[in-house]
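Please read the structure below before turning to the comments.
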Amino acid sequence: MSDSARPSRIGVLAVQGAVREHVNAIREIGADAVEVRLPRDLVDLDALILPGGESTAMRKLIDAYGLREPIAALGRAGAPMLGTCAGMILLAERNADGEDPVFGMLDIEVRRNAYGRQLDSFEADLEVPVLGHEPLHGVFIRAPVVTHVGPRTEVLARDPDGQPVAVRTGSVLATAFHPELTGDRRMHRLLAQMISEGVERTA
Ligand code: GLN
């Protein structure tokens, strides 16, 4: 875990998808970014981001590179995680279409690509009270719908129709949208804040 002598080390799963934008966002908040392709890249990480992309391809590559168990172990050890879009699908405990869960760390059920064809991609200003008064601009691209929120999960934001779009189960945070695609870094700062809160809890 991080200490005050060094910046936090935040990994980005880099097998497929929107990696570069998360790496830039991590650097912008003053943390060190680590691209994770192999299990050894997970050593000494304080937190991990699972980016957007194509979750079926990501699932296959996670297993091909032997990343499933070491990422699950990092999560069990309490390292904060942020999953965005496909990353949310990878973290979810349940999939409404019956696909097997990958990491199963987020107490929600998701349905892939469920916003419907006319809403394939859309943008919306979201109230996210945990990030302050100013709305967060959400960019949704073939986003999953959160079809059920379990009792261990807090809803941090809802879309204009009331569907949950940002959720947190303990140290695992996820958004159906892409916070890395706007200049607003508050979601990445929340992840960094969860690292320091974890350090305080264990100190
Ligand atoms: N539709 C993709 C999936 O199901 C997720 C889209 C995204 O991450 N932008 O994996």
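The values are calculated or read from the model by the stated rules, or taken from the named source; none is laboratory data. These numbers come from a predicted model, not from an experiment. Here the Cβ is made from the backbone with ideal geometry for all residues, glycine too, and neighbour counts use every protein chain on show. Surface areas here come from the heavy atoms of the whole protein model, side chains and all, with no ligands, DNA or RNA. Shrake-Rupley method; radii C 1.70, N 1.55, O 1.52, S 1.80 Å.
So with the 1.4 Å probe, I'd like the accessible area per residue for the chain, rounded to whole Å². Present the calculation step by step, with values, prior to reporting the outcome.
Numbers: 9110 Å² over 203 residues.
Heavy-atom SASA per residue in the chain reads 45 Å².
With a 1.4 Å probe and all protein chains left in place, how much of the accessible area of the chain comes from carbon and sulfur atoms, in whole percent?
Working: 4390 of 9110 Å².
Accessible surface attributable to carbon and sulfur in the chain totals 48 percent.
Placing +1 on the Cβ of each Lys and Arg and -1 on the Cβ of each Asp and Glu in the range 126-203, which of G162, P179, I195 has its Cα farthest towards the positive end of the resulting dipole?
Farthest towards the positive pole: I195.
If you count the DSSP beta bridges with both ends in the range 82-160, what percent of them are antiparallel, to the nearest 5? Show your work: numbers first, answer last.
Values: 10 of 13 bridges.
Bridges in the range 82-160 are about 75 percent antiparallel.
Dividing the convex hull volume of the alpha carbon atoms of the range 90-172 by its residue count, what do you get in Å³ per residue?
Working: hull volume 7.5 nm³, N = 83.
Convex hull of Cα atoms, per residue: 90 Å³.
Pairs of alpha-carbon atoms within less than 8 angstrom and 6+ residues apart define the contacts here; what relative contact order does the chain have, in percent?
Values: 448 pairs, mean separation 39.8, N = 203.
Normalised by residue count, the contact order of the chain is 20 percent.
Putting +1 on Lys and Arg Cβ atoms and -1 on Asp and Glu Cβ atoms, find which of F140, P39, I49 reaches farthest to the positive end of the dipole of the chain.
So the residue furthest toward the plus end is P39.
Tally the DSSP beta bridges in the chain and give the antiparallel ones as a percent, rounded to 5.
Details: 18 of 36 bridges.
Roughly 50 percent of the DSSP beta bridges within the chain come out antiparallel.
Output the relative contact order of the range 121-203, whole-number percent, from Cα pairs under 8 angstrom with separation of 6+ residues.
Values: 117 pairs, mean separation 20.4, N = 83.
Contact order relative to length: 25 percent.
What are the extents of the Cα atoms of the range 70-116 along their three principal axes, in Å, largest first?
Largest first, the range 70-116 extends 36, 19, 16 Å along its Cα principal axes.
With +1 on each Lys and Arg Cβ and -1 on each Asp and Glu Cβ, how big is the dipole of the chain about its Cα centre, in debye rounded to the nearest 20?
On the way: 22 positive and 29 negative charges, 73 e Å.
Dipole of the chain, to the nearest 20 debye: 360 debye.
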